[in-house]
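One structure below.
The values are calculated or read from the model by the stated rules, or taken from the named source; none is laboratory data. These numbers were taken from a predicted model, which means no experiment stands behind them. Cβ placement follows ideal geometry from the backbone for every residue including glycine, while neighbour counts extend to all protein chains displayed.
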Amino acid sequence: MGSFAPRGTGNFNFQSLLGGATTITGWLVGGVGVDWLSTPNYGASDGLHAVDLGYYDAGAGSMAISVPTVIGATYALSFDAAAVPGFPSYHNAGTVSAGSFTAAFAPGYSPLNDFEGQVFEAQQFSFVATSAHTTLTFAASVADTSYGPVIDNVSISLSALPVPEPAVAWLWLAGLAAMPALRRLSARRQRADNAA
């Protein structure tokens with residue numbers, strides 16, 4: 001999901017993508033746009049690519065993807081984030097949202113001007129799905145930013161299924177309670193059939 005693989009292939013240092021672009025498989029670019037980074041000139045925490053949520057020509061961008069979810073289930077969300085290693089290093093913050101869940105993140109450090117050595121920090125959150133499809137969105141927090149934060153290695157996994165509603169639970173228990181009576185009835189019928 002979150003290694004930002006391309007639809008095609010190509011060698012580039014980075015590619016600026018305007019809002020509305022669907023160049024990165026499964027993802028929709030929003031806001032002003034984003035910078036799609038590529039190794040070896042820019043570091044990535046997983047695979048060959050990462051995404052800078054600040055657009056090169058100064059403006060906050062976002063990345064969104066829709067994923068199937070189970071209503072009421074709890075999901076673990078993880079990703080890596082890095083500060084842009086400019087001069088000085090840029091520490092721009094971002095937000096991540098999934099349905100009604102929203103959280104802020106702010107990677108702390110990357111070495112000055114070492115774009116290959118961006119320092120990625122693991123980020124972990126959880127959310128409860130409220131619909132059959134959940135839109136996961138990452139966005140830069142600073143409106144006029146050109147730099148970061150950089151994200152990579154996005155993952156969502158199911159951590160807990162929804163708890164049954166009380167009425168459903170009572171029906172389930174009632175069904176269990178009725179099992180002995182059903183067995184006795186079946187045994188009587190069997191004896192009657194044998195006697196006949």
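Residue check: is T69 under 28 Å from S157 (Cα atoms), assigned by TED's automatic domain parsing to the domain that holds V150 and either aromatic (F, W, Y) or surrounded by fewer than 17 Cβ atoms within 10 Å (Cβ to Cβ) (or both)?
Working: under 28 Å from S157 (Cα atoms): yes; assigned by TED's automatic domain parsing to the domain that holds V150: yes; either aromatic (F, W, Y) or surrounded by fewer than 17 Cβ atoms within 10 Å (Cβ to Cβ) (or both): no.
No, not satisfied.
On the stretch given as the range 36-58, residues that are more than 19 Å from E121 (Cα to Cα) and buried (at least 22 other Cβ atoms within 10 Å of the Cβ) total 1.
Taking P180, is it modelled with pLDDT under 75 and surrounded by fewer than 20 Cβ atoms within 10 Å (Cβ to Cβ)? For P180, the condition - modelled with pLDDT under 75 and surrounded by fewer than 20 Cβ atoms within 10 Å (Cβ to Cβ) - is met.
Working only within the range 106-121, note down all residues that are of a type outside the set (S, T, N, Q) and in contact with a helix residue (DSSP H, G or I) (Cβ under 9 Å, 6 or more places away or on another chain). Selection gives P111 alone.
Residue-by-condition table, conditions (1) modelled with pLDDT of 95 or more; (2) assigned to a loop (DSSP other than H, G, I, E, B):
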residue	(1), (2)
T134	yes, no
D144	no, yes
V154	yes, no
P162	no, yes
W172	no, no
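Where strands (runs of 3 or more DSSP E) fall wholly inside the range 59-128, the ranges with 3 or more residues that are more than 23 Å from V32 (Cβ to Cβ) are 74-82, 120-128.
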